[in-house]
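Colleague: Handing you this structure, nothing more for now.
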Amino acid sequence: MPDFTSDLAARLDQIRGAGLLRQLRRIDVAQAPAVISRGRTLLNFSSNDYLGLANHDELKQAARRAIEEFGAGAGSSRLICGSLAPHEELETTLAQFKHTEATLTFSTGYAAALGTIGALVGTHDIVILDKLSHACLVDAARLSGATLRVFAHNDLADLEQKLAWAQQQVSSDPKNRRVLVVTESVFSMDGDLAPLAELVELKQRFGAWLMVDEAHATGLYGLNRSGLAEAAGVSHEIEIQMGTLGKALGASGGYIAGSRLLIDFLINKARSFIFSTAPAPAAAAAAAAGVRLVQSPAGTQLLSQLWARVTELRAALDLDFPPLPGAIIPLIVGDETRAVELAAKLAEQGFLIPAIRYPTVARGKARLRVTLSAAHTPGQVADLATALTALNLPSPNRNPNPAPS
Ligand SMILES: *Cc1c(COP(=O)(O)O)cnc(C)c1O
């Protein structure tokens, strides 16, 4: 057996040598457009706090009230004695928001994916994932023990082939049963959109189930802001809607929305829900305040500020405009080490935009992932555009996955 210390040191060296070393950067203030790190002020263009709710007064006040009334910790799993009023209220609020019969919340989106896919499918079932699906969906599918197939990103013809293959598996062996298609609605590292209406049509044709992760769409799309499924008018055809409370909603936690039957089933079978302490009451209360806020006139105002900043940056960088605006703007660099150098250069100039590398994205597809927030000012966005233009990024790399028309 290798010696523990030298084994880990050698493996870390390998990661470092490949330009893939990850390190934490301490931030000494709340999430905001300008943060302080190592004594320096950096303009933050890397957060998923798209509407600036993470440090919003209404969310903080809701969290404080929940602490006063319900304490700092939940004490146990929801099924033991931790199903506190703030969790139940959050789920009622979320069900109204998503227009579904019921919702279930988890400590994170990651835990929601793991618990849900693991509960719904197992050996003898088949999961078909979009190639660019988030790590939590991939991990969940792997852990479930189901047979895994991947379809090319947003490629309906490829998905159709995989569904036809799955249908054949199901009919050729009575032990084979369920087929689950899994995708994101807004892709986290590319910012492009899944063709949800077409995906729904396809999975229905084959009698498969569909799970859509709205992590980067919740709070931003649709009249009620509940996500891209609402905007596409297909929420009710999707068996399992998932999302996080930690991005545009400004708090933390994950959710599943769907039928009462789905939620009752998950309460009984989702291991990351059953065997995990309930989230802090403050987190649940802040999330509920976030859900209310995005649907309010103040939320509409924040959303239009966000889209205005997006329009300004895309125009300044001469990027094309996709059919729907998005807060995630990836600038593809390719080489991992080069991406790290560019991120360091931007940090020297006062911009916080980490290099996103393998395994978050494919090897050779390293990028600067710029995200905008309603809290940014036009001046901050103009400064960013100037700095990015000076980097002279190769233009063909700028729009890696144009949205499907
Ligand atoms: C961030 C993210 C998650 C995980 O949500 P957390 O609440 O952060 O655990 C899931 N899916 C996608 C696409 C994400 O970007």
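Colleague: Assuming R0 = 25 Å, what is the FRET efficiency of residue 65 and residue 349, from their Cβ-Cβ distance, to the nearest 0.05?
Modeller: Efficiency at R0 = 25 Å is approximately 0.05.
Colleague: Right, something else. Please go through the residue pairs 203/365; 175/203; 60/269; 98/162; 203/269; 345/365 and name each one whose alpha carbons sit more than 27 Å apart in this structure.
Modeller: In this structure, 203/365; 60/269; 98/162 exceed 27 Å between Cα atoms.
Colleague: Report, in whole Å, the centroid distance computed from the Cα atoms of segment 60-139 and segment 1-38.
Modeller: So the two Cα centres are separated by 29 Å.
Colleague: Something else now. How big is the gap, in Å, between the Cα center of segment 174-249 and the Cα center of segment 294-333?
Modeller: 21 Å
Colleague: I need the calculated FRET efficiency for the pair residue 224 and residue 4, taking r as the beta carbon distance and R₀ as 51 Å, to the nearest 0.05.
Modeller: E(calc), rounded to 0.05, equals 0.45.
Colleague: Quick check on segment 44-172: what are the equivalent-ellipsoid semi-axes from the Cα gyration tensor, as sqrt(5λ), descending, whole Å?
Modeller: On the way: eigenvalues 266, 77, 35 Å².
Result for segment 44-172: semi-axes of 36, 20, 13 Å.
Colleague: What accessible area per residue comes out for segment 240-318, rounded to a whole number of Å², with a 1.4 Å probe?
Modeller: For segment 240-318, the solvent-accessible area averages 37 Å² per residue.
Colleague: Which residue fluctuates the most in the chain, going by a Gaussian network model with Cα springs under 10 Å, if the choices are 281, 354, 174?
Modeller: Per the Cα network of the chain with a 10 Å cutoff, 174 tops the list.
Colleague: Between residue 129 and residues 5 or more places away or on another chain, which pairs have amide H atoms under 5 Å apart, with H built 1.01 Å from N, and which residues are they?
Modeller: Placed amide hydrogens put 149, 150, 151, 182 under 5 Å from residue 129.
Colleague: A further question follows. So what is the diffusion coefficient of the chain in µm² per second by Stokes-Einstein at 10 °C and 1.306 mPa s, using a Kirkwood Rh over Cα pairs? The partial results should precede the final answer.
Modeller: Numbers: Rh = 22.2 Å.
The diffusion coefficient I find is 72 µm²/s.
Colleague: Of the listed peptides 315-327, 19-31, what is their order by residue-averaged count of other C-beta atoms within 10 Å, with the highest listed first?
Modeller: Ranked from most to least packed, the peptides come out as 315-327, 19-31.
Colleague: In the chain, what percentage of the DSSP-assigned beta bridges are antiparallel, given to the nearest 5?
Modeller: 55 percent
Colleague: Report, to the nearest whole %, how much of the accessible area of the chain belongs to carbon and sulfur atoms, 1.4 Å probe, protein only.
Modeller: Looking at the chain in its full context, I get 54 percent from C and S.
Colleague: Pop out the ³J(HN,Hα) list for segment 105-117 in order, Karplus 6.51 cos²θ - 1.76 cosθ + 1.60 with θ = phi - 60°, rounded to Hz; leave Gly and Pro as x.
Modeller: Karplus-based 3J(HN,Hα) across segment 105-117 equals 10, 10, 5, 8, x, 4, 5, 5, 5, 4, x, 6, 5 Hz.
The values are calculated or read from the model by the stated rules, or taken from the named source; none is laboratory data. What you see is a predicted model; the values in this text were computed from it and never measured. Please note: Cβ atoms are built from the backbone with ideal geometry, for glycine as well, and neighbour counts cover all protein chains shown. Ligands, DNA and RNA are excluded from the accessible area calculation, which covers all protein heavy atoms including side chains. Shrake-Rupley method; radii C 1.70, N 1.55, O 1.52, S 1.80 Å.
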